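The values are calculated or read from the model by the stated rules, or taken from the named source; none is laboratory data. None of the values given here were measured: they were computed from a predicted structure. Please note: Cβ atoms are built from the backbone with ideal geometry, for glycine as well, and neighbour counts cover all protein chains shown.
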């Protein structure tokens, strides 16, 4: 399966159906118009020499059509994170992948105050440069019989790169992940099977397309099944997003727990009545969030699990197969095993160890980083760096990043476990992140970062009922703002640095 070719087939099949309802610009694009626009952009992008073309455009019709145009021109889109440090991220991507041209949005740069980066070309200027002759040529081409049309654009192979996405960089410098048509295509088909999607579904697309969660599920899944995409560029405008879901009768929606928490607070009863599936991922879903959606909207918020390197979905709960607290059953074509962190031996069901994943969803590798690729993929098994358990019913339980386990007094302590206990006890809208700092006596000590003051003595007493003494935070630190990644995940790396600075502890 070559995905831009599959899009062309759908564009011919569903020609008059709405492909994208862009609620940021209030524009509607049919599949036939999406095909014509992507053909025009493909001709425009062909003139650039690089094999890669950067894309730095918010989630919108313009971003989606640019991705399709880049692929049809025979090049590979490199998605650039504009949420924080946009200019630095753009230059990092250029250096890492060796390209110059970046299709950017002038409106975005002005909004976020980003400086101009060498090689940037504005999508607004490209759109203005489209002449009547360009439109006529693309229209004529779009009317060609399907076989001729498919051959008139770049054809490609299933194992060609579909996209370059960067890891979050929450633990160290971002890595450039090469995902192929086969990787994303396989994952889309698995997701579609378990969610029983059809062309009648309406997908909310408000996650950034530089993040794998948004790139696959908000974009490729609906495009490959002839759905209508309802796009909105800012997932943080909670009230507006709830209004859009209600007005457009959205049936499928995914997001991070932090986004869903905002939607729960800002929504009115009835806003989510059209939703048949809502899946949270990228971070642990608190029990209180699940309970809140069930009480206010009679909606089961399902939790899933994935990584950038696995395209991304490994497992997910479903409305008819939901085990709250787990991250669901493994997808049909995916294999998962749990191995001992020291020996690498496969562990029996119910045992905790490292999560390894195998299947066509596993990335081709990190771009220009053979060493890191070979460390993470062995015999086709991708080592996620996450800890987990597979139970007897086939549900996967995510215990947190291996790097978020800390050895204290010879015992392994899960910082995620400490966080989950703390979260249950904290007042609403209080955020927490549990980190470790060096300790001269025990090697490390646990510190809880909160965004609001709490009664620490009372909190520790309540935590002691569920956690051993070595797992209790030794200090509480107040941070007014919790830095987050563009995906909505808490930036664990930055918070750790902030805590260590505040406590004047050297790394």
Counting only residues in region 34-62 that are assigned to a loop (DSSP other than H, G, I, E, B) and either outside the structural domain of residue 72 (by TED's automatic domain parsing) or touching a helix residue (DSSP H, G or I) at 6+ places or on another chain (Cβ under 7 Å) (or both), the one surrounded by the fewest Cβ atoms within 10 Å (Cβ to Cβ) is identified as 58
Taking region 9-33 as the search range and keeping residues that are out of contact with any helix residue (DSSP H, G or I) (no Cβ under 6 Å at 6 or more places or on another chain) and assigned to a helix (DSSP H, G or I), which one is farthest from residue 151 (Cα to Cα)? 33
Does any residue of region 272-292 turn out to be assigned to a loop (DSSP other than H, G, I, E, B), at pLDDT 95 or above, out of contact with any helix residue (DSSP H, G or I) (no Cβ under 8 Å at 6 or more places or on another chain) and surrounded by 21 or more Cβ atoms within 10 Å (Cβ to Cβ)? no
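One line per residue, one yes/no per condition, for (1) touching a helix residue (DSSP H, G or I) at 6+ places or on another chain (Cβ under 7 Å); (2) crowded, with 21+ Cβ neighbours inside 10 Å; (3) closer than 17 Å to residue 312 by Cα:
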{"position": "358", "(1), (2), (3)": "no, no, yes"}
{"position": "365", "(1), (2), (3)": "yes, no, yes"}
{"position": "390", "(1), (2), (3)": "no, yes, no"}
{"position": "401", "(1), (2), (3)": "no, no, yes"}
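Residue by residue, here is whether (1) under 20 Å from residue 304 (Cα atoms); (2) over 25 Å from the mean Cα position of the chain (by Cα); (3) outside any strand (DSSP E or B) holds:
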position: 374; (1), (2), (3): no, no, yes
position: 382; (1), (2), (3): yes, no, no
position: 385; (1), (2), (3): yes, no, no
position: 389; (1), (2), (3): yes, no, no
position: 393; (1), (2), (3): yes, yes, yes
position: 396; (1), (2), (3): yes, no, no
position: 412; (1), (2), (3): no, yes, no
position: 423; (1), (2), (3): yes, no, yes
position: 433; (1), (2), (3): no, no, no
Only residues that are surrounded by 15 or more Cβ atoms within 10 Å (Cβ to Cβ), in contact (Cβ under 8 Å) with a residue 40 or more places away in the chain and part of a strand (DSSP E or B): list them for region 437-492, please. 437, 446, 447, 449, 484, 490
Name the helices (runs of 4 or more DSSP H) wholly inside region 167-249 in which the number of residues that are assigned by TED's automatic domain parsing to the domain that holds residue 35 and out of contact with any helix residue (DSSP H, G or I) (no Cβ under 9 Å at 6 or more places or on another chain) is 1 or more. 181-195, 221-224
